[in-house]
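S.K.: One structure follows; several queries about it will come next.
Quick note: the coordinates plus some simple rules give every number you see, no bench work behind them. Treat the numbers as computed from the prediction; the structure is a model and nothing was measured. When we count neighbours, we look across all protein chains shown, and the Cβ atoms used for this are built from the backbone with ideal geometry, even at glycine.
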Amino acid sequence: MGFVQRNAFPLTAAALLLVAGGSFAATRGAQEVSLTTQEQRIEELLRRKAELEEAQDEKASEIAGQALGAGHTRLDADEELIEQVLDTALTWESQAEYVDARAAMMNVYGLDENSAFMTVFLPEPTVNVDAEGTEYALIDLLGLNSRVAGFRTELLSVQGTEYSYLVLVDVKSTSDDGRGSAQSTSTVLLTTDGDGGVSGVEGYASTSRVRSSGPD
């Protein structure tokens, strides 16, 4: 019996294993390529889905605005105006800045000192006077401060050139040593006119529980 005959089965088995191994490697490689392609396709679909959802949300807002007779240009301008009003009233770090905020809200935006907004957010500041007549501003003594952390607006109605908005504003205060902070959400009803001004502002106390935290 020759070498080939004696080793026919081992050689055949080895050849089969070699072929099978190569086939397995090729199959596995193809699977990996296919899997990578599928993952890329899924990622692309997810990105597309997010883009469509964003576009849908923008379209829904546009439709809602159109239903009320509102245009994007006016809404964008009002958004900037609302931000300016909120920053003017609710962002201050000292007695002097607080007094300036009160004056601006009354002189620039026409709010009465006894209006709901002023009595809720900007009442007359407390000043202590000692026996010698020296005044000490409580805001400065306690290191009180306030700033707008963010806000969200919703168009409520359109009457001619007047647009009325519901505004939820997050107001944040930080301790004098900077080691703690508190944040609450308050409600503001604000109406803008066709001349880029404010025709009405109403403010209400916090609509949510004050949230406190440690250092920022």
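S.K.: What is the set of long-range amide H partners of A70 at a cut-off below 5 Å, with H atoms built 1.01 Å from backbone N?
M.R.: none
S.K.: With Cβ to Cβ distances under 14 Å as the rule, what net charge do the other residues near F151 carry (K, R +1; D, E -1)?
M.R.: Net of charged neighbours comes to -4.
S.K.: Calculate the radius of gyration of the Cα atoms of the range 71-213 to one decimal place, then report Dmax, the largest Cα-Cα distance, as a whole number, both in Å.
M.R.: 16.5, 60
S.K.: With θ set to phi - 60°, apply the Karplus curve 6.51 cos²θ - 1.76 cosθ + 1.60 along the range 190-196 and write out the HN-Hα couplings as whole Hz, x wherever there is a Gly or Pro.
M.R.: Going residue by residue, I get 9, 10, 10, 10, x, 9, x Hz, with x marking Gly and Pro.
S.K.: Add +1 for every Lys or Arg and -1 for every Asp or Glu among the other residues with Cβ under 10 Å from the Cβ of L166, and state the total.
M.R.: Overall, the nearby charge balance is 0.
S.K.: Would you work out the charge dipole size for the range 71-213 about its Cα centre, treating the Cβ of every Lys and Arg as +1 and the Cβ of every Asp and Glu as -1, and quote it to the nearest 20 debye?
M.R.: 640 debye
S.K.: If we sort 185-192, 121-128 on the protection proxy, mean other Cβ atoms within 10 Å, highest first, what's the order?
M.R.: Ranking the peptides 185-192, 121-128 by packing returns 185-192, 121-128.
S.K.: Can you check what the net charge comes to around D176, using other residues whose Cβ is under 12 Å from the Cβ of D176 (Lys, Arg +1; Asp, Glu -1)?
M.R.: -2
S.K.: Points 7 angstrom from Cα along the Cβ direction at R152 and E132: gap in nanometres?
M.R.: About 5.3 nm separates the two model spin labels.
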